[in-house]
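Step one of this worksheet: look at the structure below.
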Amino acid sequence: MTPHPAPQARGVALFDVDGTLVDTNYLHTLTWWMALRQHGHTVPMARIHRAVGMGADRLLDAVLGAERSTGDDEAIAGAHATLYATWFDTLAPFDGAAELLRATAARGWRVVLASSASEEEVAAVRTRLGADDVIDAATSSADVTATKPAPDLVRAALDKVGADPEDAVLVGDTVWDVEAAGRAGVPCVGLLTGGTSRRELEDAGAVVVHEDALTLLRHLDSGPLARPPR
């Protein structure tokens, strides 16, 4: 008799990358600021930081205004990508990030990285995380046309493993993560490591907020990621 494979767990844990697993939000702020200055725009870093977590198109709308001429957008985004790539070899995962992914997988969740970064950026982050043994899938900018806070990225991450929203939880660090998850019907756990306040994440709809990946790891069995649906 041919043995039947064990049924695959339905639960999917979606993890935002920048600011959630890897300490990159302020690097993105700096390199966007530099890219904007290269094209004649001096924008306060605080305004840029508030928009980090959106895709490039929405970020530029947020910091320069949606009514602007968009003729330089591609060049600005390209400059940001080039500047940010110089940091690839020094990207730093947060304490406990890889362990969090492994502990989540050990509880029966399928682990998916939900990112709208370029394929090169996602590859660089995965190298620095060193947890590919428990990552089932990952998204990149190639998988979406509408970026956060639109729900498309969350849906694309679910599609990667054939999952439904009711079987998923997303972990993120910005209000854009929380809003995108909510629009896709997925609860979101918030982390403070991206520089967004607890109150803002809670007001956006985060079901629980932790200080960082390590704190979430320590409380894994008392929150939404304790046990996946089967």
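Give me the accessible area per residue for the chain, probe 1.4 Å, as a whole number in Å².
Here the residues of the chain average 46 Å² of exposed surface.
Of SER140, SER116, which has the most accessible area and how do the rest follow, probe 1.4 Å?
Largest accessible area first, the residues go SER116, SER140.
What list of ³J(HN,Hα) values in whole Hz, one per residue of segment 74-82 in order, does the Karplus curve 6.51 cos²θ - 1.76 cosθ + 1.60 (θ = phi - 60°) give from phi, with Gly and Pro shown as x?
Each residue's phi maps through the Karplus curve to give 5, 5, 5, 4, x, 5, 4, 4, 5 Hz.
Let me make sure I get this right: for segment 86-146, a, b and c are the square roots of the gyration tensor eigenvalues over alpha carbons, sorted descending. Under 1.5 in a/c it's rounded, otherwise prolate if a/b > b/c, else oblate. Which is it?
Oblate, because a/c is 1.5 or more while a/b does not exceed b/c.
Apply the Karplus curve 6.51 cos²θ - 1.76 cosθ + 1.60, θ = phi - 60°, to the phi angles in segment 106-118 and return the couplings in whole Hz, x for Gly and Pro.
5, 8, x, 7, 7, 9, 10, 7, 10, 9, 9, 6, 5
For VAL208, which sequence-distant residues (separation of 5 or more, or a different chain) have an amide H within less than 5 Å of its own amide H, given hydrogens modelled in the peptide plane?
Counting only residues 5 or more places away or on other chains, the set is GLY190.
What whole number of Å gives the distance from the Cα centroid of segment 165-230 to the Cα centroid of segment 38-76?
Rounded to whole Å, the Cα centres lie 27 Å apart.
Where is the GNM fluctuation largest for the chain (alpha-carbon springs, 10 angstrom cutoff): ASP16, ASP212, ASP61?
ASP61
Which value in deg cm²/dmol, rounded to the nearest 500, describes the helix-derived mean residue ellipticity at 222 nm for the chain, given -39,500 (n - 2.57) per DSSP H run of n ≥ 4 and division by the residue count?
When only DSSP H runs of four or more count, the value is -12000 deg cm²/dmol.
Kirkwood-based Rg over Rh for segment 16-79 (C-alpha set), two decimals?
Rg divided by Rh gives 0.95.
Using a 1.4 angstrom probe on the protein heavy atoms only, line up TRP32, TRP87, TRP176 by accessible area, largest first. It would help to have the intermediate numbers written out before the result.
Working: TRP32 15, TRP87 95, TRP176 50 Å².
Accessible-area ranking of TRP32, TRP87, TRP176, largest first: TRP87, TRP176, TRP32.
Using the Karplus equation 6.51 cos²θ - 1.76 cosθ + 1.60 (θ = phi - 60°), what ³J(HN,Hα) coupling, rounded to whole Hz, does each residue of segment 127-139 give in order, writing x for Gly and Pro?
Calculated HN-Hα couplings, in order: 4, 6, 5, x, 10, 4, 5, 10, 8, 7, 6, 8, 9 Hz.
Hey, rough spin-label estimate for GLU120 and ARG102, points 7 angstrom out along Cα→Cβ, what's it come to in nanometres?
Each label point is offset 7 Å from its Cα along the Cβ direction, giving 3.1 nm.
Using Cα atoms only, what is the angle between the long axis of helix 25-38 and the major principal axis of the chain, expressed in degrees (0 to 90) to the nearest 10?
For helix 25-38, the angle is close to 30 degrees.
Which percent of the accessible area of the chain is formed by carbon and sulfur heavy atoms (probe 1.4 angstrom)?
50 percent
The values are calculated or read from the model by the stated rules, or taken from the named source; none is laboratory data. Source: prediction; values computed, not measured. Here Cβ is always computed from backbone atoms with ideal geometry, including for glycine, and neighbour counts include all displayed protein chains. Side chains included, ligands, DNA and RNA excluded: accessible areas come from the protein's heavy atoms. Shrake-Rupley method; radii C 1.70, N 1.55, O 1.52, S 1.80 Å.
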